[in-house]
Structures are given as structure tokens and as C-alpha cells.
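Below is one structure, written out as C-alpha cells; comments come after it.
Derivation of every value follows stated rules applied to the coordinates shown; laboratory data play no part. Everything quoted here is computed from the prediction, not taken from an experiment. FYI the Cβ positions are ideal-geometry reconstructions off the backbone, even for glycines, and counts take in every protein chain you see.
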Ligand code: ADP
Ligand code: MG
């Protein structure tokens, strides 16, 4: 039978905006070895600002923003949202056809009759586009129009105000290792990891590679305790399933991720994970 106070713990958590979908997850929080975070939208605001537009091959900056904003109309990725914001107008859906989202890489879509690719270096390589690396700090979204490189849009994200403190508090609460997995570039990923004081960071991962890395971390964590994953739910539902406890940010997160998660943080603050662990420890003291 389940001790009553575990229900008390779940109730206490829910009052703080932490939805725990079963007492076993609260119990698991008592013995966390490793916490793995997604980067974009989880540890960072996912609220990018366009900081540079570089047009090539006869296109200008306005063209680039027009094609990129239309290409990204149907994507819920934080990168897509910021490009649409920078465009500043409502993209015209009538000009868009054959939309395809390439998870961990970007999008392919017809805009105004032209085939547009918008995404990272992996997308450009996969589509055999001759592209030019951006040297700007930030995350570069490369564009190709009708199979020719058209330029790049550089966007900059910021870490959330409570992320660094949350990482420190997790360590203080006995978590052995904090890790970040990201599909973003080495430069952007390592910069954020350093700012946050994470123990390890793995960058430029495709969704399947995130799963593989999680399986390795699971094996290591299992010797000492539990593996927790925290994500915003965009492109990371398969990773959530690899953890002992999968945590989703409820505000930005997709419905699918909220459904797949074991724990939902309604306010998107990494520090809520620390709160959840504290509630779990208090609950256990009451049970014992
Ligand atoms: P993360 O959340 O770890 O940053 P994702 O798997 O969501 O990683 O995305 C990885 C990378 O794929 C992004 O950093 C970006 O370069 C590219 N990407 C994904 N979706 C899009 C999109 N809609 N438009 C442009 N690039 C994208
Ligand atoms: Mg993500």
C-alpha cells in the first residue's frame, strides 16, 4: 500500500505548481544521481533575439527574413518563434506548401514556389548545400533557397535567471552530476554550460543521439541512484522516456510531452525541480 503522506507530498507539490503523476516518482526524487537537462527552452529562455542577418548570392536581408519567417510558420520550436517575431508581420499561409519539420535539423518547405531549407549545419550538409559558417556568437540558422545557399540568421538566447542557482542547489541536495544535452552548436552549448556550472555538456546531437547518450548516462547513474531528465518537450519526448523520472516544462511544452512526462513543472522554472526534491525528502521523513 502507498503511505498516505506520499499523497500529502503530491498535494504539496501541486500547490507549488509541480504536477507529480504518482508517488513512485516522488520516491525516486529522494535518490537522484544525475539530472540531465535539455538546453533550449529548459535552461535557456528559448526566447531568441535575431542579432544578425547575413544575406548571400543576390538575396538581401528582407528577403531572408521573409523566406525564413514563412518557412517557420508551422514550427513551434523557440527558434521559429523568434524568427517570426523578428519578421514582425503575420506570414501569409497561402504562400506555403509541402511543410516538413526535420527534427534536430530544421525545416524544409515551399515558399512562394521556391524550396526553402532553414536549419543548422547538419541540414545544409545533409542537403549538399555549399554553406558558409557564421562567425557570430549565437545560434546560426542557415537558409538555402532552391538548393543554393542564401545566408544565415543569427539568434541569441539567454540562460533563465534561476538556472545557475538551481544547478548549485541540486548539487547541494546531493545530486552527483548535472548534464546538458543539446542539438545546438558546440559554441552555443558550451557557452551556456560554462555559465551554468554544469558537470558535462553534449552538443550537436540529433534526437536519436540524445537517446543514445541518455542510455549511457542511465547505466552510469543506476550504480548510485536515479536518472532525471528535464526538457521543454520540443523534440525531446523520446528522451523523456529514457529517464527514471521524465520532467516536462508545462508552459512552453507540447501536449504530447506533458502527457509523456512523469512530472510537469507548470511555471517552466528549473528551480522547481529543487523544490520537488525538497518536498520528496520531507515526505520521506514523515513516512519513516
Ligand atoms: P535543443 O532543444 O537541444 O536546442 P533541438 O533538438 O530542439 O535542440 O534542435 C536542435 C537544433 O536543430 C537547433 O539548435 C537548430 O539548430 C535546429 N532546429 C530545430 N528545429 C528548427 C527549426 N524549426 N528551425 C531552424 N532550426 C531548427
Ligand atoms: Mg529542445
note = A student applying the Cα gyration tensor rule (rounded when a/c is under 1.5; otherwise prolate if a/b is larger than b/c, oblate if not) would label the stretch 183-230 oblate
ask   = What list of whole percents do you get for P(r) of the chain, with Cα-Cα distances grouped in 10 Å bins up to the one holding the largest distance?
value = 7, 28, 31, 19, 10, 4, 1, 0
task = Take the chain, connect every pair of alpha-carbon atoms lying under 10 Å apart with a spring to form a Gaussian network, then pick out the residue of 138, 197, 88 with the largest mean-square fluctuation.
result = 88
ask   = Could you give the angle, 0 to 90 degrees to the nearest 10, between helix 61-71's Cα long axis and the longest principal axis of the Cα atoms of the chain?
value = 50
key: Whole-number D in µm²/s for the stretch 132-288 (Stokes-Einstein; Kirkwood sum over Cα pairs; 25 °C, 0.890 mPa s)   = 144
ask   = Would you list 218, 74, 67 from fewest to most Cβ contacts within 10 Å?
value = 74, 218, 67
ask   = In the chain, what % of DSSP beta bridges are antiparallel (nearest 5)?
value = 60
message = Using helices alone, I'd like the mean residue ellipticity at 222 nm for the chain: each DSSP H run of four-plus residues gives -39500 (n - 2.57), total over residue count, nearest 500.
response = -11000 deg cm²/dmol
ask   = Points 7 angstrom from Cα along the Cβ direction at residue 31 and residue 173: gap in nanometres?
value = 1.7
request  = Note the direction-averaged projected area, equal to a quarter of the hull surface, for the Cα convex hull of the stretch 49-156, in nm².
outcome  = 5.8
task = Report the residue, chosen from 86, 71, 257, that carries the largest GNM mean-square fluctuation when the chain is represented by alpha-carbon nodes joined by springs under 10 Å.
result = 86
remark   = When the chain is treated as a Gaussian network with springs between alpha carbons less than 10 Å apart, the largest mean-square fluctuation among 225, 250, 11 is found at 11
ask   = With a Cα-only, solvent-free Debye model of the stretch 1-84, what are the log10 I(q)/I(0) values at q = 0.12, 0.26 Å⁻¹?
value = -0.62, -1.21
